[in-house]
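The values are calculated or read from the model by the stated rules, or taken from the named source; none is laboratory data. All of these numbers come straight from a predicted model, not from anything done at the bench. Note that we place each Cβ from the backbone using ideal geometry, even for glycine, and neighbour counts take in every protein chain shown. Ligands, DNA and RNA are stripped out before the accessible areas are found, and what is left, the full protein with its side chains, is counted by its heavy atoms. Shrake-Rupley method; radii C 1.70, N 1.55, O 1.52, S 1.80 Å.
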Amino acid sequence: MIARTRIAPSPTGELHIGHMRTILYDYAFAKKYNGQFIVRIEDTDRNRFVEGAADRTLQIIKDYGFSWDEGPGIGGPYEPYVQTQRLEIYKKYALELIEKGGAYYCFCTPERLDQVRAEQQAQHLPKTCYDKHCRNLSKEEVEKNLKDGVPYVIRIKIPANETVVLHDAIHGDISFNTNDVDDMILLKSDGIPTYHLAAMVDDHLMKITHVLRGIDWMPSSPVHVLIYKFLGWDMPIIAHLPNLKEKGSAAKLSKRQGAVAAVDFLQEGYLVEALVNFLMFVGWNPGTEKEIYTLDEFINDFSLERIQKTDLVAFDRDKLLWFNGYYIRNLSDDVLFDKIKAWAKRFEIKLNFSGDDKIDIKVVALIKERLKKFSEVNDLISYFYSKPEVKKEMLISYTKSEERTKEILNNFYNTLEITQKENWTRDNLEKVCHDLITKYEYSPKEAFMTLRVALSGQTATPHIFDILEVLGREESLDRIKSAL
Ligand code: GLU
């Protein structure tokens with residue numbers, strides 16, 4: 001089998017992370033079956049069109065490491081790949097549908113449609129729909145209206161009381177009764193098609209074999225099945241993927257919980273490798289314990305059979321942090337430092353490094369263990385470069401006594417003061433400090449935590465000897481004195 005898949009983003013805003021998950025699945029499926037992954041811009045919703053969004057969408061797809069075999073910028077055998085450049089094609093098929101009895105002209109004014117809707121609402125109907133008024137116009141009436149230039153839309157002619165079956169590759173056969181289906185608009189009065197017509201025509205003409213799309217499209221499926229049937233085309237395989245929700249709730253992703261757009265995750269400082277690995281599991285799993293996947297391994301293991309058969313799948317932000325921490329720890333210190341700098345440059349973030357690469361890379365090495373995303377870097381490194389604010393309650397909390405805290409800090413001060421610059425190495429500092437606590441019989445916890453807070457203003461930091469080494473003799477002594 002050769003698979004041709006496509007992603008068809010609408011430039012109505014920034015690309016959602018859920019779309020990126022779908023792109024990953026589309027891409028993997030096409031590559032697994034030696035086919036092509038196609039990008040098509042569905043810019044037919046002119047009311048929600050956002051200037052520049054299409055270019056930003058294409059850029060973010062590249063930023064996540066995906067490339068397309070056909071689509072904007074590179075063209076292909078079925079170009080153009082932007083729907084507003086294909087209007088003549090849709091018109092042709094809308095007219096063909098009319099000819100074949102699958103669609104009709106509708107000349108209803110917006111005022112009439114509002115009135116119909118209001119009447120249906122007043123009757124408390126479960127949902128409002130077009131009252132099929134123009135289905136019954138005579139041929140002559142239609143011709144006259146067209147001749148008089150009366151504005152029109154083209155609607156699908158849904159047959160009454162029939163069962164339409166969608167063969168969904170994930171959910172199995174799903175039956176719909178056509179009495180529940182509206183005569184949806186296929187071509188609007190400005191000549192621009194709706195999704196229902198444009199996507200079906202393009203998927204057919206572009207020889208798409210598998211359509212992976214969000215499950216929110218499932219209710220419109222009977223319209224799509226009928227369009228294919230009326231035009232006498234074979235339908236591609238349709239697979240409805242679960243949409244994303246915040247973990248622990250039924251709500252869709254929310255900005256209040258964190259990033260939602262694909263670009264926002266990059267801005268927060270997630271690595272692409274971590275994001276892509278995480279997204280693999282948003283709706284799919286291999287049925288094994290394996291969690292760390294390269295893209296090639298995923299392509300090999302991915303199958304539609306193992307996609308979750310649910311409407312919504314949890315987007316576990318903690319798990320994403322875990323993946324990111326994993327990929328961060330797997331980078332060498334130098335590469336991590338370069339990536340942090342590149343990230344800051346791209347998103348115009350001022351980093352609080354010293355500018356001395358040797359020291360800065362050392363600091364990066366020290367925070368690497370704790371770093372979960374780059375937006376935390378400044379917080380994690382700040383006390384290396386500027387004197388921290390030390391809270392008294394925190395400082396004395398490990399001894400529970402001001403006197404004992406002072407005694408411990410004084411002893412550290414005196415011991416470190418006689419440690420000369422040339423002996424100011426991590427190993428020697430560790431030895432000197434351990435000797436001190438043995439001599440005075442301090443518990444390591446009370447002594448080192450007190451010193452840690454004095455040096456950093458924090459209770460969780462890398463090893464205290466590393467901090468002493470990086471801060472240097474003068475600065476370390478100075479901070480202990482300030483704390484005292
Ligand atoms: N333009 C549609 C969207 O962005 C595409 C849906 C589909 O994949 O068919 O939701």
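Observations
- Flag if Asp311 is at pLDDT 95 or above, within 16 Å of the ligand (Cβ to nearest atom) and acidic (Asp, Glu): yes
- Residues satisfying the stated conditions in region 395-412, i.e. within 13 Å of Thr459 (Cβ to Cβ) and crowded, with 17+ Cβ neighbours inside 10 Å: Leu395, Ile396, Tyr398
- Looking across region 181-220, the residues that are acidic (Asp, Glu), open to solvent by less than 20 Å² (accessible area, probe 1.4 Å) and near the ligand (Cβ under 10 Å from one of its atoms) come down to Asp202, Asp203.
- For His224, the test of being surrounded by fewer than 20 Cβ atoms within 10 Å (Cβ to Cβ) and in a helix (DSSP H, G or I) is failed.
- Filtered by the rule that a residue be assigned to a loop (DSSP other than H, G, I, E, B), touching a residue at least 24 places away in the same chain (Cβ under 8 Å) and open to solvent by 50 Å² or more (accessible area, probe 1.4 Å), region 421-441 gives a lone residue, Thr425.
- Looking across Arg21, Arg46, one residue alone is out of contact with any strand residue (DSSP E or B) (no Cβ under 8 Å at 6 or more places or on another chain) and in contact (Cβ under 8 Å) with a residue 12 or more places away in the chain. It is Arg46.
- Residues being within 12 Å of the ligand (Cβ to nearest atom) and within 16 Å of the chain's Cα centre (by Cα) - total across region 22-39: 4
- Conditions (1) more than 21 Å from Phe302 (Cα to Cα); (2) open to solvent by less than 50 Å² (accessible area, probe 1.4 Å); (3) within 16 Å of the ligand (Cβ to nearest atom); (4) within 23 Å of the chain's Cα centre (by Cα): number failed by Phe49: (2)
- Identity of the residue in region 10-21, assigned to a loop (DSSP other than H, G, I, E, B) and either closer than 17 Å to Tyr78 by Cα or open to solvent by 50 Å² or more (accessible area, probe 1.4 Å) (or both), that ends up farthest from the ligand (Cβ to nearest atom): Glu14
- Of all residue pairs spaced 6 or more apart or on separate chains, those with beta-carbon atoms under 8 Å, a first member in region 345-362 that is part of a loop (DSSP other than H, G, I, E, B) and a second member that is of a type in the set (Phe, Trp, Tyr) and open to solvent by 60 Å² or more (accessible area, probe 1.4 Å) are Asn352/Tyr385; Phe353/Tyr385; Ser354/Tyr385.
- Of everything in region 118-135 that is surrounded by 15 or more Cβ atoms within 10 Å (Cβ to Cβ) and of a type in the set (D, E, K, R), the residue that is farthest from Leu231 (Cα to Cα) is Asp131.
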